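Here the structure is laid out as structure tokens; the discussion comes afterwards.
Just so it is clear, none of the values below were taken in a lab; they were calculated from the coordinates. All values reported here derive from a predicted model rather than from experimental measurement. Cβ coordinates were reconstructed from backbone atoms using ideal geometry, including for glycine residues, and neighbour counts include every protein chain displayed.
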Amino acid sequence: MKKAIAFITILFCSILFFGCSKDPGTTPETPEAKLARLLTGSGNRYWHLSKQLINNIQQSLTDFQKTYTKTYTVDASKTNAGFFTNSDGTSGTWTITGSVNYVESFVSAGGVGLQLNYLVNNITDNSLDIQYSANNKLVEEVYYAY
């Protein structure tokens, strides 16, 4: 009889513990939404260039590059797109295109519309490692947030 009471107690506690679920109104964060959140923080995030590699060879940063920054801001009406500005005066839009990809669209100084397709190697709250191809070169940039 004691074993039956113990079994029923354990069964009841298990049902109570495992039967409780999260609020049914919440949905898990998608990888795309997570990428956008990490890219922009709580609305906008400033990224400072700390390292650049071209074709997997680390480059010495110029004085200009040592102060180069990017700022990503989320569009309040969207969760997967927004605006960016760079310390070199470039500005445009960004859009998440996959769980580890996003595109920047902007107009060059010469008035030409351009797009850069980024692959995100790694992103955290304070670190961004991205790469893109340009002029037949693989460019990797590493940033830290502040």
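Counting charges near ASN121 (Lys, Arg +1; Asp, Glu -1) among other residues having Cβ under 9 Å from its Cβ returns a value of -2. Would you please classify the overall shape of segment 40-146 from the alpha carbon gyration tensor, given that a ≥ b ≥ c denote the square roots of the eigenvalues, rounded means a/c under 1.5, and beyond that prolate means a/b larger than b/c while oblate covers the rest? Verdict is rounded for segment 40-146. For segment 30-74, the residue among THR67, GLY43, ASN56 whose Cα projects farthest onto the positive side of the dipole built from Cβ charges is GLY43. A simple spin-label model places pseudo-atoms 7 Å from Cα toward Cβ; at LEU119 and SER91 they are separated by 3.2 nm. With R₀ set to 30 Å, the beta-carbon distance separating ASP75 from VAL112 gives a calculated FRET efficiency near 0.80.
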